[in-house]
Amino acid sequence: RLNVMDHSAQAQRNIILGYLLSGKGLTTRYARTHLDIMCPATRIKELRLQGYNIITYRRTMDGHINCAEYILLSSPK
């Protein structure tokens, strides 16, 4: 778990973007549990408005819990 002192929207976007730029998919569960970002969908929406092409997949975890997984396809030009 990250020890994040700055919980601003910008800091959260930077954390999410860094994670996505590493080539991994980010699930809502991982963002909440490990990155301390409680509402990743809002930050993803903001990144999309900045020109990042991020797709969303719906995933089933633990056999019944649905969550979103975000994948970065491209950065703004």
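Quick one: is Pro76 in contact (Cβ under 8 Å) with a residue 24 or more places away in the chain, open to solvent by 40 Å² or more (accessible area, probe 1.4 Å) and not charged (D, E, K, R)?
Yes, satisfied.
Looking at the range 28-77, which of the residues that are part of a strand (DSSP E or B) and basic (Lys, Arg) is modelled with the highest pLDDT?
Here the answer is Arg58.
Can Gly23 be described as under 18 Å from Leu72 (Cβ atoms), part of a helix (DSSP H, G or I) and open to solvent by 40 Å² or more (accessible area, probe 1.4 Å)?
Numbers: under 18 Å from Leu72 (Cβ atoms): yes; part of a helix (DSSP H, G or I): no; open to solvent by 40 Å² or more (accessible area, probe 1.4 Å): yes.
Against the criterion (under 18 Å from Leu72 (Cβ atoms), part of a helix (DSSP H, G or I) and open to solvent by 40 Å² or more (accessible area, probe 1.4 Å)), Gly23 does not qualify.
Can Leu49 be described as surrounded by fewer than 14 Cβ atoms within 10 Å (Cβ to Cβ), without any contact (Cβ under 8 Å) to a residue 40 or more places away in the chain and under 23 Å from His7 (Cα atoms)?
yes
The values are calculated or read from the model by the stated rules, or taken from the named source; none is laboratory data. Remember, it's a predicted structure, so these values are computed and weren't measured experimentally. Quick reminder, even Gly has a Cβ in these numbers, built from the backbone with ideal geometry, and neighbours come from all protein chains shown. Just so you know, the surface numbers come from the protein's heavy atoms only, side chains and all, with ligands and any DNA or RNA stripped out. Shrake-Rupley method; radii C 1.70, N 1.55, O 1.52, S 1.80 Å.
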